[in-house]
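**Student:** Take a look at this one; I'll ask things after.
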Amino acid sequence: MSRSIRTAGGPSSPPPVLSVGPVVLPTPDRAVDLQVRVSAPVTGSDLPVILLSHGQGHSNHLSSLNGYAPLVNFWAAHGFAVLQPTHLSSRTLTLDPGTPGAPLFWRSRAEDMTRILDRLDEVEAAVPQLLGRLDRGKVAVAGHSMGGHTASLLLGARLTDPDDGKEVDLTEPRIKAGVLLAAPGRGGDALTDFVAGNWPFFSTTDFSRMRTPTLVVAGDKDDSAHLTVRGPDWHTDPYFLSPGPKSLLTLFDAEHGLGGVSGYDVAETTDENPERVAAVQRLTWSYLRSRLNPGDPAWQAACDALTAGPSPLGRVESK
């Protein structure tokens, strides 16, 4: 299936959003306690859950529970509870560079998400307005950039731990669907020498057992030359190198910020485009809604609404 995109529809007049943070989960075996932001519509019950993993980037606070407001606010206003941890790789924590797992803390990032799912009772208790409103059987994960790597591990991607040579399987069976935004692709000869030498965990990424339904979002101008020698196609690897069911949203002229998903009017967005962000909001929302609610028409309706138009924003294909 291949269609061009202008925008994808969603419900109108969304309710206001409740956002609480930090919710602190005491975590003695972690360098610092786990901090989470919780965002949800002020009304409604049986809310599906999205775990959102932040990227790295140059800003101090986008890579924390305070980032990604364009996505978080939209998803929460349209019926999801969004839980955002501050990973140990966040610039806001300024951890000692000698901290085990530094600088990117690839394993700890994925473990943060599992911890949150294990401790949803504590999250609800810390946010009384949320108590009893979560549907724990409908959980998704989303991640941008390095957060996409984190999400891919939870969705079933594997790697070899460079410290002990063992294959790592961090698949989280409670997660039923995922969204990978400008996520890293395969390792090996696709990587720059710097990445292979300094972040060797990237070298063995394997998507062949990433079976959880996933929407991969990639920009066709996102060359990420500091990470890969393959150009923008590298970010489509999670789609092409994994088994279905998968969908790929390719955004025309989009760079790594996908129009500005990490924050409102942030300086590090090199392809600022509100219309593109709106497309990402609506397509990701409709995908997760339909995947977590079999038979829900949101994704199909969004795809049916796609039109080439005089200036299409991109295309969608599925397998």
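The values are calculated or read from the model by the stated rules, or taken from the named source; none is laboratory data. Just so it is clear, the structure is predicted and the values come from calculations on it, not from any experiment. Note that each Cβ is placed from the backbone with ideal geometry, even for glycine, and that neighbours are counted across all protein chains shown. Accessible surface is based on the protein model in full, side chains and every heavy atom, while ligands, DNA and RNA are left aside. Shrake-Rupley method; radii C 1.70, N 1.55, O 1.52, S 1.80 Å.
**Student:** Looking at (1) at pLDDT 95 or above; (2) assigned to a strand (DSSP E or B); (3) open to solvent by less than 50 Å² (accessible area, probe 1.4 Å), which is the one condition that is false for GLN35?
**Tutor:** Going through (1) at pLDDT 95 or above; (2) assigned to a strand (DSSP E or B); (3) open to solvent by less than 50 Å² (accessible area, probe 1.4 Å) one by one, GLN35 breaks only (3).
**Student:** State which residue pairs qualify: first residue surrounded by fewer than 17 Cβ atoms within 10 Å (Cβ to Cβ) and inside segment 40-68, second residue of a type in the set (Asp, Glu) and at pLDDT 95 or above in any location, beta carbons under 7 Å apart, and separation of 6 or more residues or different chains.
**Tutor:** ASP46/ASP135
**Student:** Taking the conditions exactly as written (out of contact with any Gly (no Cβ under 8 Å at 6 or more places or on another chain) and buried (at least 21 other Cβ atoms within 10 Å of the Cβ)), does LEU215 satisfy them or not?
**Tutor:** For LEU215, the condition - out of contact with any Gly (no Cβ under 8 Å at 6 or more places or on another chain) and buried (at least 21 other Cβ atoms within 10 Å of the Cβ) - is not met.
**Student:** Please pick out the residue among THR212, THR270, THR250 that is in a loop (DSSP other than H, G, I, E, B), within 18 Å of the chain's Cα centre (by Cα) and over 20 Å from PHE74 (Cα atoms).
**Tutor:** After ruling out the rest, the residue left standing is THR212.
**Student:** Would segment 223-232 turn up any residue that is at pLDDT 95 or above, buried (at least 17 other Cβ atoms within 10 Å of the Cβ), assigned to a strand (DSSP E or B) and basic (Lys, Arg)?
**Tutor:** Within segment 223-232 (the criterion being at pLDDT 95 or above, buried (at least 17 other Cβ atoms within 10 Å of the Cβ), assigned to a strand (DSSP E or B) and basic (Lys, Arg)), the answer is no, since none of the residues qualifies.
**Student:** Which of the numbered conditions does GLY259 fail, given that it passes all the others? Conditions: (1) small (Gly, Ala, Ser); (2) touching a Lys or Arg at 6+ places or on another chain (Cβ under 6 Å); (3) more than 23 Å from HIS54 (Cβ to Cβ).
**Tutor:** (3)
**Student:** Name the pairs: first residue in segment 13-37 and free of Cβ contacts under 8 Å to residues at least 12 places away in the same chain and closer than 19 Å to ASP118 by Cβ, second residue in a loop (DSSP other than H, G, I, E, B) and polar (S, T, N, Q), Cβ to Cβ under 7 Å, at least 6 apart or on different chains?
**Tutor:** Listed pairs, sorted by first residue: ASP33/THR27.
**Student:** Please give the number of the condition ALA157 fails out of (1) in contact with a strand residue (DSSP E or B) (Cβ under 6 Å, 6 or more places away or on another chain); (2) surrounded by 21 or more Cβ atoms within 10 Å (Cβ to Cβ).
**Tutor:** All conditions are met except number (1).
**Student:** When both residues are 6+ apart or on different chains and their Cβ atoms are under 7 Å apart, which pairs have a first residue that lies in segment 73-85 and is within 17 Å of SER286 (Cβ to Cβ) and part of a helix (DSSP H, G or I), and a second that is of a type outside the set (D, E, K, R) and open to solvent by 10 Å² or more (accessible area, probe 1.4 Å)?
**Tutor:** From segment 73-85, the pairs are ASN73/VAL17; PHE74/GLN281; PHE74/TRP285; TRP75/TRP285; ALA76/VAL17; ALA77/PRO14; ALA77/PRO15; ALA77/VAL17.
**Student:** Here's another thing I want to ask about it. Could you tell me whether PHE194 is in a helix (DSSP H, G or I) and either over 23 Å from GLY101 (Cβ atoms) or free of Cβ contacts under 8 Å to residues at least 40 places away in the same chain (or both)?
**Tutor:** When the stated conditions are applied, PHE194 passes them.
**Student:** Can you go through SER242, SER286, SER262 and tell me which one is surrounded by 14 or more Cβ atoms within 10 Å (Cβ to Cβ), polar (S, T, N, Q) and not in a loop (DSSP other than H, G, I, E, B)?
**Tutor:** Among SER242, SER286, SER262, only SER286 is surrounded by 14 or more Cβ atoms within 10 Å (Cβ to Cβ), polar (S, T, N, Q) and not in a loop (DSSP other than H, G, I, E, B).
**Student:** Still on this model: Go through segment 86-131 and report how many residues are free of Cβ contacts under 8 Å to residues at least 40 places away in the same chain, among the acidic types (Asp, Glu) and open to solvent by less than 40 Å² (accessible area, probe 1.4 Å).
**Tutor:** Residues flagged as free of Cβ contacts under 8 Å to residues at least 40 places away in the same chain, among the acidic types (Asp, Glu) and open to solvent by less than 40 Å² (accessible area, probe 1.4 Å) within segment 86-131 amount to 1.
**Student:** If you scan segment 124-145, which residues turn out to be under 20 Å from the mean Cα position of the chain (by Cα) and either in a strand (DSSP E or B) or closer than 18 Å to VAL36 by Cα (or both)?
**Tutor:** Within segment 124-145, LEU134, ASP135, ARG136, GLY137, LYS138, VAL139, ALA140, VAL141, ALA142, GLY143, HIS144 qualify.
**Student:** Related question: Out of segment 171-191, which residues are farther than 25 Å from TRP299 by Cα and either open to solvent by 60 Å² or more (accessible area, probe 1.4 Å) or in contact (Cβ under 8 Å) with a residue 60 or more places away in the chain (or both)?
**Tutor:** ARG186, ASP189
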